[in-house]
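What follows is a single structure, written as structure tokens, with notes after it.
The values are calculated or read from the model by the stated rules, or taken from the named source; none is laboratory data. None of the values given here were measured: they were computed from a predicted structure. Positions of Cβ are backbone-derived with ideal geometry, glycine not excepted, and every protein chain shown enters the neighbour counts.
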Amino acid sequence: MTTTKISVEKRAHVGSSYSRQLRRSGRVPAVVYGAGEPEHVSLAMNDAASLLASRERVVTLELAGAKPQKVLVKDAHHDTFGDEIQHLDFQRVSDDTVVRLRVPLAFEGTAKGTLTGGITEVLRFELPIECKAKDVPLLMTIPVDELDVGKVLHAGILPLPKGVSLARGLDPKLPVVACRVTKRKLEKEEEVAAPTEEAAAAEGAAAAAPAPDKKAEKKK
């Protein structure tokens, strides 16, 4: 499995004060853990930003004087406004390490229910999955062409990439995307139904009315 290579440097110190100094100098503090002692490293801010933008989750870290390490991008911490990357967490993995992570969803096609006045409603933008590190997808594509009005696609029936399964414990009935009736379509249906209901009520009233008294008519 070929992965993107990212150059990192060993941190001389740890702690919030030193981390702030690193960020001011254009670097992002990070930690590498799993299968050994934790390592405190840093990488260029531009490399960190490019990594997160690419959505790659398995990369190779290169540290001068050390053997390259394949890692999973486990977590990314941002500032309060979500603009600046504060810290990255990496987990050491091999190709066959089973990992659990959340993967973004991409919805492909046009739900056929939208052709009759429905609207597509995305209920989940990512799902937790399990797979080997070598099989981690950048995203999962979900086709919605056959989705009709009033129908819902649940997690358990979604097509998954080879080697990928839903995370253990995830409810297979979890709704992911639906095609709903729009308010305008509902109002139109109600407008059409109203006269029909009124006519039915009138017919019912007529049928329930007492029949004319024929003897009384003859006396007249």
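Could you list, in sequence order, all residues of segment 42-71 that are touching a helix residue (DSSP H, G or I) at 6+ places or on another chain (Cβ under 6 Å) and within 22 Å of V103 (Cα to Cα)? Full working, then the answer.
First pass over segment 42-71, keeping only residues touching a helix residue (DSSP H, G or I) at 6+ places or on another chain (Cβ under 6 Å): 42, 58.
Result: V58, single match.
Evaluate segment 117-134: report whether one residue or more is surrounded by 16 or more Cβ atoms within 10 Å (Cβ to Cβ), part of a loop (DSSP other than H, G, I, E, B) and in contact (Cβ under 8 Å) with a residue 60 or more places away in the chain. The answer is no; no qualifying residue exists. Condition first: out of contact with any His (no Cβ under 7 Å at 6 or more places or on another chain), of a type in the set (D, E), on the phi < 0 side of the Ramachandran plot and surrounded by 15 or more Cβ atoms within 10 Å (Cβ to Cβ). Can you find one or more residues in segment 27-50 that meet it? Within segment 27-50 (the criterion being out of contact with any His (no Cβ under 7 Å at 6 or more places or on another chain), of a type in the set (D, E), on the phi < 0 side of the Ramachandran plot and surrounded by 15 or more Cβ atoms within 10 Å (Cβ to Cβ)), the answer is yes, since at least one residue qualifies.
For segment 1-29, enumerate the residues that are over 14 Å from N46 (Cα atoms) and in contact (Cβ under 8 Å) with a residue 24 or more places away in the chain. Across segment 1-29, the qualifying residues are M1, T3, T4, E9, K10, R11, V14, S19.
The set of residues from segment 1-27 being at pLDDT below 90 and within 27 Å of the chain's Cα centre (by Cα) comprises M1, T2, T3. Does P104 qualify as being more than 26 Å from the chain's Cα centre (by Cα) and not hydrophobic (A, V, I, L, M, F, W, C)? So P104 does not fit the description; no. Before we move on, is G113 outside the structural domain of G15 (by TED's automatic domain parsing) and in contact with a Lys or Arg (Cβ under 8 Å, 6 or more places away or on another chain)? Yes, satisfied. The sole residue among A76, A30 that is outside any helix (DSSP H, G or I), over 30 Å from D145 (Cβ atoms) and at pLDDT below 95 is A76.
For segment 101-109, the condition holds for no residue, the condition being that it is surrounded by 12 or more Cβ atoms within 10 Å (Cβ to Cβ), over 30 Å from V144 (Cβ atoms) and not small (G, A, S).
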